[in-house]
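Visitor: One structure is given below, represented as structure tokens, and several questions about it will come after.
The values are calculated or read from the model by the stated rules, or taken from the named source; none is laboratory data. Quick caveat: nothing in here was measured; it's all calculated off a predicted structure. Methodologically, a virtual Cβ is constructed for each residue, glycine included, from the backbone with ideal geometry; neighbour enumeration extends over all protein chains shown. The protein model used for the area step is the full one, side chains on, heavy atoms only, and it has no ligands, DNA or RNA in it. Shrake-Rupley method; radii C 1.70, N 1.55, O 1.52, S 1.80 Å.
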Amino acid sequence: MRVAVISDIHANLHALEAVLDEIDAEPPDALWCLGDLVGYGARPNECCAIVRERADVCLLGNHDLVALGRIDIGDFNPEAAAAAAWSRDALDEESREFLESLAPSAGVKQAQLFHASARDPVWEYVLTDEAALATLLLTTADVVLVGHSHVALAIALEGDTVRGGLAPAGSEVELRGARLLLNPGSVGQPRDGDPRAAWLLLDFDRRFASFRRAAYPIERTQRELRAAGLPEALAARLALGQ
Ligand code: ZN
């Protein structure tokens, strides 16, 4: 079975379309999405409609929850808060209904999935060895998938320690032996210095994970953010991958 994993789309339609074009070039058996479909970007309803149509599993992220009014805007930094308020107004009934049907974690036969972490599926950033170890010790699946940090990662559990870290474009990891925690990186707002849209291919038959990046027309997304009156910093950071 081959599975494409996407996360943190953040209403960036052009990034999502570029990733789906790459995925469709060699169609997988399933598509899993780790949440944060909306927030930051200007095309939330289009992204929700596409993911609702295409994903076999989809999680709910903190930005989805704030857009639904289920967590407080005050919990976000000023730019994210401004985007959250904008997204609340922009979400249509179908998007709202779809997001309301989701949860921040899920289990499937091949993996355990969390938007953020096993310790806190909504909020915790897995960016330290300690956090990665905690999630691996709280789970049992050979493959544990997290999003939320917008940084592509591959971390293996060896005994009671972890090894690994950043997973740049083209990285491949074997799915055998050690249990793994993998973060595909972000489709719509990468923060690991590579501005291209991130996704992950899992091949459970040939037993590897492959970290991919898709170039997309960043300036089109930036124009849409500016036209929507979203904070300039949110447009500027897309070109930097930060
Ligand atoms: Zn996110």
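Visitor: Connecting C-alpha atoms closer than 10 Å in a GNM of the chain, tell me which of Ala25, Ala228, Ala42 has the biggest fluctuation.
Guide: Residue with maximal mean-square fluctuation among Ala25, Ala228, Ala42: Ala25.
Visitor: Rank Asn183, Asn45, Asn12 by mean-square fluctuation in a GNM of the chain with C-alpha springs under 10 angstrom and give only the top-ranked residue.
Guide: Asn45
Visitor: Provide the net charge surrounding Ile73, with neighbours chosen by a C-beta distance below 13 Å and charges set as Lys +1, Arg +1, Asp -1, Glu -1.
Guide: -2
Visitor: Go ahead and run the numbers for FRET between Phe208 and Asp21, Cβ-Cβ distance against an R0 of 30 Å, rounding to 0.05.
Guide: 0.85
Visitor: Given the Cα-Cα distance of Asp129 and Ala49 and 0.36 nm per residue of separation, how much length would full extension add, in nm?
Guide: Residue separation times 0.36 nm, minus the Cα-Cα distance, leaves 25.2 nm.
Visitor: Tell me the per residue accessible area of the chain using a 1.4 Å probe; a whole number in Å² is fine.
Guide: 40 Å²
Visitor: Right, here's the next one. Do you know the relative contact order of the chain, to the nearest whole percent, from alpha carbon pairs under 8 angstrom that are 6+ apart?
Guide: It comes to 23 percent, rounded to a whole number.
Visitor: Strictly under 4.7 angstrom between C-beta atoms: which cysteines of the chain have no such partner?
Guide: Unpaired cysteines in the chain: Cys47, Cys48.
Visitor: Same structure again: Classify the stretch 1-139 from the C-alpha gyration tensor, please: rounded if a/c falls under 1.5, else prolate or oblate depending on whether a/b exceeds b/c.
Guide: Verdict is oblate for the stretch 1-139.
Visitor: Sticking with this structure for a sec: Ignoring ligands, DNA and RNA, please state the percent of accessible area on the chain from carbon and sulfur, probe 1.4 Å.
Guide: It is 49 percent, rounded to a whole number.
Visitor: Relative to the longest principal Cα axis of the chain, at what angle does helix 78-90 sit, 0 to 90 degrees, rounded to 10?
Guide: Tilt relative to the chain: about 70 degrees.
Visitor: Related question: Taking the square root of 5 times each eigenvalue of the Cα gyration tensor, what semi-axes in Å does the equivalent ellipsoid of the stretch 2-239 have, largest first?
Guide: 27, 19, 17
Visitor: What distance in nm separates the simple spin-label points at Ala227 and Leu138, each placed 7 Å from Cα in the Cβ direction?
Guide: Distance between the two pseudo-spin positions: 4.1 nm.
Visitor: Using a/c under 1.5 as the rounded threshold, could you call the stretch 66-124 rounded, prolate or oblate? The axes a ≥ b ≥ c are square roots of the C-alpha gyration tensor eigenvalues, and prolate needs a/b larger than b/c, oblate otherwise.
Guide: Since a/c reaches 1.5 but b/c is at least a/b, the shape of the stretch 66-124 is classed as oblate.
Visitor: Quick one: what Rg and Dmax do you get for the stretch 98-242 from the alpha carbons, in Å?
Guide: In order Rg, Dmax, the Cα atoms of the stretch 98-242 give 16.0, 52 Å.
Visitor: In a shell of Cβ-Cβ distance under 9 Å around Asp64, excluding Asp64 itself, what net charge do Lys and Arg (+1) and Asp and Glu (-1) give?
Guide: Net charge in that neighbourhood comes out at 0.
Visitor: Can you tell me how much longer the chain between Ala30 and Met1 gets when fully stretched, taken as 0.36 nm per residue apart minus their C-alpha distance, in nm with one decimal?
Guide: Length gained between Ala30 and Met1: 9.6 nm.
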